[in-house]
Amino acid sequence: MGLENFAEATDTTRDGLTGNATAVLHEVAELLVALAERGETGVIDLGGMPLSSADKAWLAERLGQGEVEMTLNLDGASEVRETAFHGVWWLVHHNEKGVLTGEFIETGTVPALVSAHPDDIRQAADKLGFLIDEL
Amino acid sequence: MAGLAQHGVSRRSFLKFCTTLASAMALPPAAGLAMAEAMAAARRPSVIWLPFQECTGCTESITRSHSPTIESLIFNVISLDYQETLMAAAGHQAEEALHQAIKDNFGKYLLIVDGSVPLGMDGAYSTIGGKSNLETLKEVAKGAAAIVAMGSCAAFGGIPKANPNPTGAVSVSDIIKDKPIVNIPGCPPIPVVMTGVLAHYLTFGSLPELDKLGRPKAFYGETIHDRCYRRAFYDQGKFAKTFDDEGARNGWCLFELGCKGPVTYNACATTKWNGGTSWPVESGHGCLGCSEPDFWDAGSFYKALSMPANPLKTVAGAAVAGAAIGVAVSFVNRAKKSAAKAAHETTTLPDLEK
C-alpha cells in the first residue's frame, strides 16, 4: 500500500477532508495579495503539512487550471502549471526514478525555477556572440 | 555555478535540488533559493574527512547520494582536501595534503569523521601514518570550525563499541569537548542528511538545530514509527507474526517481529533509500534502530520491544526477588561470564605484529 492510499484508508472523515486544505487556500489568498500590492513572492510547501489526497484534490479543484503548463526536465520531471488565478503556480517535482520529491504552491509572476538567472543570461550572451563571430 | 554546469548540473537542477532539500529539512520553502545562491557562490570551504575505526559503509552511502552527485559537491561546492578513500594521493603525499589543508585553513575547515576512536592499547588498534586515531583527531580538531560525526560509530561508538568493546572504542564527542559537533548516526546514515547538513553549513555558516544527542532535528525529530506508513496497523492491533504469514503479506505492522521503529529517531520513513526506492520496513523487515546509541546491544533484532531485551539482565533482576532463586541465578550468570572469559583471548601488540 502506497502512502497516498494509506492516507485515504486511515481517514476518519467521510469525505477524506481534514480541514487543512481550507487553511492553505486562505494562505494562498494572503500571498497573492502580497504579490499584487507589494510585489512579494511566496512559497507554500505542500509536503510540509498533513494534507490527505482528498485535501489536495479539493485544493486543486478550487484553484483550477490556468493557461500555462510546463514540464521541466531537471534530473527528473518537474511539472509547473499556472492555476486559474494569475500568479498562483502549482509545482510538482520528481526525481530521476519518477518518485515524487516535492510539491509546492508558489506565488509570483513566474516561478523562480523557470526564470533564467542573470549570470546564465550573461554567459549565454557571450556564447551567442562567440558563435556569431565564428560564422 | 560554472563548475557545477561543467559537471552536468544546471542551475535549475541545482535550485530544484535545494528546494526539495530545504523541504526535507523543514526549512522555510524560500530557503531553497537562498541555499542555491549561497552554494553557487565560490566559497568552497575546506573539508577534511578522517576515517577511523570504520567499514567505509558511510562513504559508500554518501557517494550514492543523488542530485547533485557527491562528485559535483566535492569538486564545486566544497574543497575536499583529505579523504583517504576518494583521494588520488597516498602515503606521504596524502599526509602532506592533510597538513597543508590544516595550515591553510586553520580555524575555518569543516572536519568530517567516520568511525569510532579506539582508546585500548594506547590507540594501537587503529593508526594512520603511524599515528593513533586519538592523536590525529585531537590534532585535526584543533583547527576545525565544526565537526560532523558521520555514522553511528563516530557519533556513538557504533559496532566497535558493542559489548565487550575489545578496542575500547569511543565516539568523537567523548573526546572533543570544545568544538561544535553534529552527529549524523545511522549504519550507514542517509545520504541526504549529510548533504543537508553540508548545505546548511555552506548557506548559513552554522550547523542546523540539534537534538539532545547532537542530531539534526530536521531529520531526527520524529521516530520511524511516527512516520511509518504501517503505523495505522499498529493502532488497529494488526501485526505480522512471522515474516511469511498473512499479516506480513498484507503489509501489517512489524512490531512483534522486533521492529525498533518506536524508539528510533531517523528519517528513513520519509526520505527512504536508494533515491526514494524503498526502505527497510517497506521491504518487509523491521527497523534495527541503527541510528540510536548502543543499538547493537539493545537485545535481539527479532524480539518485540515489549519483550525483555536482555535475558541475562532479566535473570539478574529476578535474583532480587528471592534468595534461593538468587543463588541459582547468580551461579548461572557466573558460569556464563566464566565461559565468556575462557573463550576470549587477549590480543597483545606483539600478536598484531606477527
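The values are calculated or read from the model by the stated rules, or taken from the named source; none is laboratory data. Since the model is a prediction, treat every value here as computed from it, not as a measurement. Cβ placement follows ideal geometry from the backbone for every residue including glycine, while neighbour counts extend to all protein chains displayed. Protein only, heavy atoms only, side chains kept; ligands, DNA and RNA dropped before computing areas. Shrake-Rupley method; radii C 1.70, N 1.55, O 1.52, S 1.80 Å.
Below, the figures for the structure above:
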| item | result |
| --- | --- |
| Pairs with Cβ under 6 Å, 6+ apart, first in region B:273-286 and closer than 17 Å to B:Arg227 by Cβ and within 12 Å of another protein chain (Cβ to nearest Cβ), second part of a loop (DSSP other than H, G, I, E, B) and β-branched (Val, Ile, Thr) | B:Gly276/A:Val99 |
| Residues that are in a helix (DSSP H, G or I) and either open to solvent by less than 50 Å² (accessible area, probe 1.4 Å) or within 12 Å of chain B (Cβ to nearest Cβ) (or both), drawn from region A:105-135 | A:Pro118, A:Asp119, A:Asp120, A:Ile121, A:Arg122, A:Gln123, A:Ala124, A:Asp126, A:Lys127, A:Gly129 |
| Helices (runs of 4 or more DSSP H) contained in region B:188-270 and holding at least 1 residues out of contact with any strand residue (DSSP E or B) (no Cβ under 9 Å at 6 or more places or on another chain) and not basic (Lys, Arg) | B:191-204, B:217-220, B:246-249 |
| Residue match in region B:296-307 (condition: modelled with pLDDT under 75 and not assigned by TED's automatic domain parsing to the domain that holds B:Pro191) | yes |
| Single unsatisfied condition, B:Asp122 versus (1) within 22 Å of B:Ile190 (Cβ to Cβ); (2) open to solvent by 30 Å² or more (accessible area, probe 1.4 Å); (3) out of contact with any helix residue (DSSP H, G or I) (no Cβ under 6 Å at 6 or more places or on another chain) | (1) |
| Residues located in region A:68-104, provided they are β-branched (Val, Ile, Thr), within 13 Å of another protein chain (Cβ to nearest Cβ) and not in a loop (DSSP other than H, G, I, E, B) | A:Thr71, A:Val80, A:Val92, A:Thr101 |
| Residue count, region B:159-187 (criterion: in contact (Cβ under 8 Å) with a residue 60 or more places away in the chain, outside any helix (DSSP H, G or I) and open to solvent by less than 40 Å² (accessible area, probe 1.4 Å)) | 5 |
| Selection from region B:129-146 of residues that are of a type in the set (A, V, I, L, M, F, W, C) and open to solvent by 30 Å² or more (accessible area, probe 1.4 Å) | B:Leu134, B:Ala145 |
| Candidate set: region B:32-63, residues that are of a type outside the set (Gly, Ala, Ser) and within 14 Å of another protein chain (Cβ to nearest Cβ); chosen: the one surrounded by the fewest Cβ atoms within 10 Å (Cβ to Cβ) | B:Glu37 |
| Qualifying positions in region A:78-101 - at pLDDT 95 or above and either of a type in the set (Lys, Arg) or over 12 Å from the mean Cα position of the chain (by Cα) (or both) | A:Arg81, A:Ala84, A:Phe85, A:His86 |
| Whichever residue in region B:1-13 is more than 9 Å from chain A (Cβ to nearest Cβ) and either in a helix (DSSP H, G or I) or modelled with pLDDT of 85 or more (or both) and, among such residues, is farthest from B:Tyr201 (Cα to Cα) | B:Gln6 |
| Residue match in region B:101-108 (condition: in a helix (DSSP H, G or I), open to solvent by 10 Å² or more (accessible area, probe 1.4 Å) and among the β-branched types (Val, Ile, Thr)) | yes |
| Verdict on A:Thr101 being in contact (Cβ under 8 Å) with a residue 12 or more places away in the chain, among the hydroxyl-bearing types (Ser, Thr, Tyr) and within 23 Å of B:Val9 (Cα to Cα) | yes |
| Residue count, region A:38-53 (criterion: part of a helix (DSSP H, G or I), open to solvent by 30 Å² or more (accessible area, probe 1.4 Å) and more than 13 Å from chain B (Cβ to nearest Cβ)) | 1 |
| Residue match in region B:55-63 (condition: farther than 22 Å from A:Glu96 by Cβ and either at pLDDT below 85 or outside any helix (DSSP H, G or I) (or both)) | yes |
| Only listed residue being surrounded by 20 or more Cβ atoms within 10 Å (Cβ to Cβ) and under 22 Å from B:Gly32 (Cα atoms), chosen from A:Leu59, A:Leu31, A:Leu63, A:Leu35 | A:Leu31 |
| Selection within region B:243-272 - away from chain A (no Cβ under 14 Å) and β-branched (Val, Ile, Thr) | B:Val263, B:Thr264 |
| Number of positions in region B:188-200 that are open to solvent by less than 30 Å² (accessible area, probe 1.4 Å) and either in contact with a Leu (Cβ under 8 Å, 6 or more places away or on another chain) or charged (D, E, K, R) (or both) | 6 |
